[in-house]
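Q: Below is the structure I would like to discuss, written out as structure tokens.
The values are calculated or read from the model by the stated rules, or taken from the named source; none is laboratory data. Keep in mind the model is a prediction, meaning the values are calculated, not measured. Every residue, glycine as well, gets a Cβ built from its backbone with ideal geometry; the counts of neighbours run over all protein chains shown. Surface accessibility is based on the protein's heavy atoms, side chains included, excluding ligands, DNA and RNA. Shrake-Rupley method; radii C 1.70, N 1.55, O 1.52, S 1.80 Å.
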Amino acid sequence: MNATENPLALPNIDRRQFFKLGGGLAVAIILQDVIAFAADPSGTILSPVPSGQVAAWIHIGEDNMVTVFTGKVEVGQNIRTSLTQQVAEELNVDVSSIKMVMGDTDLVPFDNGTYGSLTTPQMGTQLRHTAATARQALLDLAAKHFSSEVTSLKAAGGMVSDQKSGKKISFGALTKGQQILIPISKQIPLINPAEWKTAGKTTPKVNDRTFITGGHKYVSDMKMPDMLYAKILRPPVYQAKLLTVDLDAAKAMSGVTVIQDGTFIAVAAASLRNANSALLAIKATWESPDQPSKAQLFEYLVKNARETEPETSEIKQSLTASEQQHSDTYTIDYIAHVPLETRSALAQWIGDKLTVWTGTQRPFGVQQDLAAKFDIPKENVRVMVPDTGSGYGGKHSGEAALEAAHIAKETKRPVKLAWTRKEEFTWAYFRPAGVIKVKSGFKKDGAINAWKFENYNSGNAGLKPQYRIPNQQNNFHPSLTPLKQGSYRGLAATANAFARESHISDIARMIDMDQLEFRLKNLDDARLKAVLEAAAKSFGWHTKQKRKGCGYGIACDYVKGGYVATCAEVMVTEDNLVKIVRITEAFDCGAIVNPHHLEHQILGAIVQGLGGALFESVDFENGKILNPNLSDYRVPRFKDTPEITIVMVNRTDIAPSGAGEAPIVSVAPAIRNAILQATGTALRSLPLLPTGKLERS
Amino acid sequence: MILTINNIRHEVNIDAEATLLSILRDELDLTGTKYGCGEGACGACTVHVNGLAVRSCTTSAGSVVGKSVTTIEGLETNGILHPVQQAFLKSDPLQCAYCASGMIMSAAALLREKPAPSTADINTAMNGNICRCGTYPNIVKAIKLASTILTAK
Ligand code: FES
Ligand code: FES
């Protein structure tokens with residue numbers, strides 16, 4: 001097991017020591033106009049390395065091992081692999097000689113977080129430029145070493161060889177394990193994706209074996225000598241205030257520490273079972289205000305919204321002047337991320353230095369939060385994120401980290417806190433619920449001329465239509481939210497695409513035009529049209545014979561550099577059972593870095609999208625979540641998965657974009673539009689089939 | 001209480017009510033078996049008891065005394081991966097892989113009963129295992145590959 005696999009193997013070392021462990025004494029290579037070696041006996045100038053320098057991101061050890069440092073974290077997107085491939089490509093080395101250090105605030109350059117499908121476009125590009133600069137530096141060093149021209153040199157397989165003399169030298173022998181302290185140059189040309197040999201190819205998950213043998217230590221699996229397990233006293237409902245608490249019974253239990261800091265009450269014990277028993281022994285009474293329930297949710301969201309802009313007179317006029325009009329209101333429930341690994345953290349204090357292992361998408365954000373909470377400098381806080389049991393936008397925060405660190409401080413022992421599923425369902429955050437009102441005006445020939453789109457609460461990502469509409473007004477009205485809400489895969493683009501693409505198919509139906517043809521007619525963007533056509537072709541939109549009770553639906557969108565189109569086939573029985581027969585999705589996010597893993601991302605988004613489309617919904621009443629467990633909150637399972645076909649459009653001429661989000665947005669409207677075609681019922685709410693049966697209208 | 005886990009006898013001093021999952025993870029440090037729900041609804045904690053797949057989160061430790069428990073850590077024999085593990089390695093179906101142990105244990109139990117399952121058999125047998133990353137079709141493929149490895153023997 002290497003250091004990145006088991007962060008516990010390297011307790012509290014700083015970056016300088018890391019290099020010492022990693023290979024040879026750390027000294028610097030400074031390559032400026034002239035190549036020169038600068039030894040630094042004290043080693044003190046080495047840390048921190050400015051992020052404009054190669055050494056901040058890539059280190060080449062004397063043993064030829066390439067270590068890559070990134071603040072991005074692995075939550076299942078397989079970026080440990082795809083980023084490795086991109087560095088391997090630029091350095092022309094084997095993926096097995098690259099080790100990624102991810103999400104360790106002591107070792108990696110600052111990073112805002114792993115979200116928004118930014119890893120591939122930003123981090124991928126950053127690392128490619130860095131690796132290209134490193135490659136150039138190695139060639140320069142070798143030229144000096146061989147006293148030859150750079151032009152006769154070639155870097156491949158971790159060696160630089162001189163084509164003329166036939167001499168070779170390894171990367172490690174050139175760097176001697178020293179840091180490469182040269183500025184990253186964007187001038188050095190990157191390898192053209194069309195010529196990729198390593199990137200762009202299917203490569204298995206780099207640390208696959210540890211996962212399939214149960215060896216990988218997720219944070220929830222970690223242990224330390226002397227460690228305590230913690231449990232926290234949670235209120236029964238949101239906004240509850242603690243009135244009385246009796247801690248005597250818990251305090252009397254042997255080996256149990258009870259922590260009380262204002263209303264923060266926790267217990268810690270050397271075994272999880274004892275911590276659980278101690279928590280059960282606490283008697284508390286609470287008081288809570290009346291709160292909105294799910295039954296009043298949508299009314300509540302509209303009533304409490306801040307209208308950002310009133311309807312303009314232009315929109316009003318163009319709507320009324322339109323040949324035909326349509327207006328409708330769509331609603332979206334709260335849904336939960338349900339990462340299979342719940343929020344977990346292990347915290348350890350040594351003096352006033354804090355180390356926390358936690359599964360978060362924002363290690364530096366959590367570092368900041370911890371420093372603020374305990375009023376210590378950021379440099380005293382180290383956050384490490386081992387490969388985590390997924391996030392989907394649901395782990396931007398560090399609740400468990402803050403709680404574990406708090407308890408560890410009080411108990412003066414390392415503390416592990418792993419949330420239960422119920423805690424995850426109740427005290428994390430949800431994808432926002434929303435109400436979306438859409439009005440449109442159009443001609444009988446299918447040209448849309450007016451569009452008014454209002455989103456209450458769910459968010460403004462993907463608010464604007466891609467369609468050519470001369471008069472449009474798109475507004476997001478923030479509102480008060482009864483439940484804690486936050487980021488989710490695709491953000492509000494899923495809600496907005498659902499309302500918009502449902503509405504678009506309604507219009508097509510009103511003027512009796514094919515849904516696909518109507519979209520193509522109103523779109524200008526060639527890439528969006530191309531994915532629509534690719535999806536339709538593979539699906540057999542025009543060619544496949546429909547069976548009785550069957551309907552086809554289509555939807556498309558553009559999200560964060562990704563173009564997506566989805567076709568769905570549903571079968572509705574006479575007693576209103578709906579079966580999703582098949583889904584075909586075409587996706588274009590530029591050049592493909594790892595086809596297999598991209599396909600995973602798309603597939604994962606489609607399957608996750610099915611849950612939100614069909615049945616996922618958080619039920620709540622007066623501040624209490626009514627379905628905080630996996631037997632009551634339904635997520636997609638094997639049997640829910642239809643036949644799925646994925647068409648990947650590889651645009652090697654376009655820089656790659658991320659793929660974690662866009663592929664989810666068109667799933668729900670495609671299914672909804674298929675139900676519309678099959679039955680004439682225009683559904684307006686997500687989830688579409690909360691009871692499993694279609695309510696025909 | 002003596003428990004036999006991965007062919008090793010362990011003496012554990014804990015009341016018989018404790019769940020097998022908590023013994024495995026917290027007492028014996030066999031953390032390959034995961035917690036996902038604690039109510040038998042996700043399959044992340046699946047282990048074998050006398051060769052059959054059970055949810056360790058709803059199984060009491062006392063009920064497995066005298067039986068043979070296998071966890072993901074004990075699925076290899078003499079350093080050779082189980083065919084399901086080989087197939088998972090080969091076909092690389094996973095994303096975050098948190099569901100992996102439970103999936104592999106359930107699949108291994110299925111193939112023991114039915115060495116050549118159809119897609120419908122797989123979907124039925126595996127329906128209690130959740131993969132929130134949505135890799136189901138990949139896992140079906142991996143299980144079919146495992147079946148070919150097994151039946152080729
Ligand atoms: S943890 Fe046992 S089935 Fe979910
Ligand atoms: S791969 Fe993430 S839960 Fe299955």
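Q: Where in the stretch A:223-248 does the label zone of A:Q296 land, with the point 7 angstrom along Cα→C-beta and an amide N cut-off under 17 Å?
A: A:238-240
Q: For the stretch A:236-338, what is Rg from Cα atoms divided by 2.2 N^0.38 Å, rounded to two decimals?
A: Normalised Rg, Cα atoms only: 1.99.
Q: What does the charge count near B:R25 come to, summing +1 for each Lys or Arg and -1 for each Asp or Glu among other residues with Cβ under 9 Å from its Cβ?
A: Spelling it out: positives minus negatives among the neighbours equals -3.
Q: Additional query: Once you put a point 7 Å from the Cα of B:I80 and another 7 Å from the Cα of A:V581, both along the Cβ direction, what distance in nm separates them?
A: Between B:I80 and A:V581, the simple spin-label model gives 4.5 nm.
Q: Right, here's the next one. How much net charge surrounds A:D619 when only the other residues with a Cβ under 13 Å from the Cβ of A:D619 are counted, with Lys and Arg +1 and Asp and Glu -1?
A: Once positives and negatives cancel, what remains is -1.
Q: With only Lys, Arg, Asp and Glu charged, each at its Cβ (+1 for the first two, -1 for the last two), find how big the charge dipole of chain B is about the Cα centre; round to the nearest 20 debye.
A: Approximately 640 debye in magnitude.
Q: Taking the Cα of A:A156, stepping 7 Å toward and past its beta carbon, and measuring to each backbone N in the stretch A:197-215: which are under 18 Å?
A: Zone members listed by number: A:197-199.
Q: Shifting gears a bit: Placing unit charges on C-beta atoms (Lys and Arg positive, Asp and Glu negative, everything else neutral), compute the dipole magnitude of chain A about its Cα centre in debye, rounded to 20.
A: Taking the Cα centre of chain A as origin, the dipole is about 700 debye.
Q: Putting +1 on Lys and Arg Cβ atoms and -1 on Asp and Glu Cβ atoms, find which of B:A97, B:T124, B:I2 reaches farthest to the positive end of the dipole of chain B.
A: B:T124
Q: Now for a separate question. Name the residue farthest towards the positive end of the dipole of the protein assembly as shown from the options B:I149, A:F110, A:V438, assuming +1 on Cβ of Lys and Arg, -1 on Cβ of Asp and Glu, about the Cα centre.
A: B:I149
Q: Please report the buried accessible area for the interface of A with B, total over both chains, probe 1.4 Å, in Å² to the nearest 100.
A: 4400
Q: Considering only the other residues whose Cβ falls under 10 Å of the Cβ of A:G549, what net charge follows from Lys and Arg at +1 and Asp and Glu at -1?
A: +3
Q: Which value in Å is the Kirkwood Rh of the stretch B:83-151 over different Cα pairs?
A: Final number for the Kirkwood radius of the stretch B:83-151 is 11.5 Å.
Q: Give me the distance between the Cα centres of the stretch A:627-693 and the stretch A:84-134, rounded to whole Å.
A: That distance is 31 Å.
Q: Can you work out ³J(HN,Hα) from phi for every residue in the stretch A:217-225, in order, using Karplus 6.51 cos²θ - 1.76 cosθ + 1.60 and θ = phi - 60°, giving whole Hz and x for Gly and Pro?
A: My calculation for the stretch A:217-225 gives 9, 6, 4, 5, 9, 6, 9, 9, x Hz in order.
Q: Considering every Cα-Cα pair within the stretch B:8-143, what fraction, in whole percent, is farther apart than 23 Å?
A: Summing the P(r) of the stretch B:8-143 above 23 Å gives 29 percent of all pairs.
Q: Further, regarding this structure: On average, how many beta carbons from a partner chain sit within 10 Å of the beta carbon of a residue in B:36-46?
A: Averaged over the peptide's residues, the number is 5.
Q: Then there's this: Just the number, please: percent antiparallel of the DSSP beta bridges in the stretch B:2-74, rounded to the nearest 5.
A: Restricted to the stretch B:2-74, the bridges split so that about 85 percent are antiparallel.
Q: Also, quick follow-up: Beta carbons within 10 angstrom, averaged per residue: use that to sort the peptides A:484-496, B:14-26, A:252-264, highest first.
A: Those peptides, ordered most packed to least, come out A:484-496, B:14-26, A:252-264.
Q: How well do other chains shield peptide B:132-145, expressed as the mean number of their Cβ atoms within 10 Å of each residue Cβ?
A: For this peptide, the per-residue mean of nearby foreign Cβ atoms is 6.
Q: Treating only the Cβ atoms of Lys and Arg (+1) and Asp and Glu (-1) as charged, compute the dipole magnitude of the stretch B:2-74 about its Cα centre; round to the nearest 20 debye.
A: With only Lys, Arg, Asp and Glu charged at Cβ, the dipole is about 280 debye.
Q: Under the classification rounded if a/c is under 1.5, otherwise prolate if a/b is larger than b/c and oblate if not, where does the stretch B:2-74 fall, given a ≥ b ≥ c as square roots of the Cα gyration tensor eigenvalues?
A: Note, shape of the stretch B:2-74 comes out rounded.
Q: Among the helices of chain A (complete DSSP H runs), which have Cα atoms covering no less than 27 Å along the helix axis and a Kyte-Doolittle mean of at least 0.0?
A: Those that clear 27 Å and a mean of 0.0 are A:595-614.
Q: Let me ask something additional. Answer rounded, prolate or oblate for chain A, using the Cα gyration tensor with square roots of eigenvalues a ≥ b ≥ c: rounded when a/c is under 1.5, else prolate when a/b is larger than b/c, else oblate.
A: In terms of gyration-tensor shape, oblate.
Q: Something else now. Keeping all protein chains in place, calculate the accessible area per residue for the protein assembly as shown (probe 1.4 angstrom), answer in Å².
A: Normalised by residue count, the accessible surface of the protein assembly as shown is 38 Å².
Q: Sort B:81-88, A:374-381, A:623-630 by packing, meaning the average of other beta carbons within 10 Å per residue, with the highest value first.
A: B:81-88, A:623-630, A:374-381
Q: With both bridge residues required to lie in the stretch A:436-564, what share of the DSSP beta bridges run antiparallel, to the nearest 5%?
A: Bridges in the stretch A:436-564 are about 60 percent antiparallel.
Q: So who's got an amide H within less than 5 Å of the one on A:Q53, skipping anything under 5 residues away but keeping other chains? H placed 1.01 Å off N, in plane.
A: A:I184
Q: Calculate the mean, over all residues of peptide A:631-643, of how many other protein chain Cβ atoms lie within 10 angstrom of the residue's Cβ.
A: Mean partner shielding for this stretch: 5.
Q: Given 0.36 nm per residue, what is the gain on full extension from A:K693 to A:M513 after removing their alpha carbon distance, in nm?
A: Extra length from A:K693 to A:M513 when fully extended: 62.0 nm.
Q: Now for a different question. Given only helices, namely DSSP H runs of n ≥ 4 each adding -39500 (n - 2.57), what is the per-residue ellipticity at 222 nm of chain A, to the nearest 500 deg cm²/dmol?
A: It comes out at -8500 deg cm²/dmol, rounded to the nearest 500.
Q: Taking amide H atoms as placed 1.01 Å from N in the peptide plane, list the residues 5 or more away in sequence, or in a different chain, whose amide H sits under 5 Å from that of A:N475.
A: A:F453, A:E454, A:N455
Q: Something else: Among A:304-315, A:87-98, A:465-476, A:233-244, how do they line up from the highest to the lowest mean number of other beta-carbon atoms within 10 Å?
A: Put in order of decreasing packing, that is A:87-98, A:465-476, A:233-244, A:304-315.
Q: Also, quick follow-up: If you restrict to DSSP beta bridges whose two residues both lie in chain A, what percentage is antiparallel, to the nearest 5?
A: 75
Q: Skipping prolines and chain starts, which residues have an amide H placed within reach, meaning under 5 Å, of the one on A:S293, given they are 5 or more residues away or on another chain?
A: Long-range HN contacts for A:S293: A:N622.
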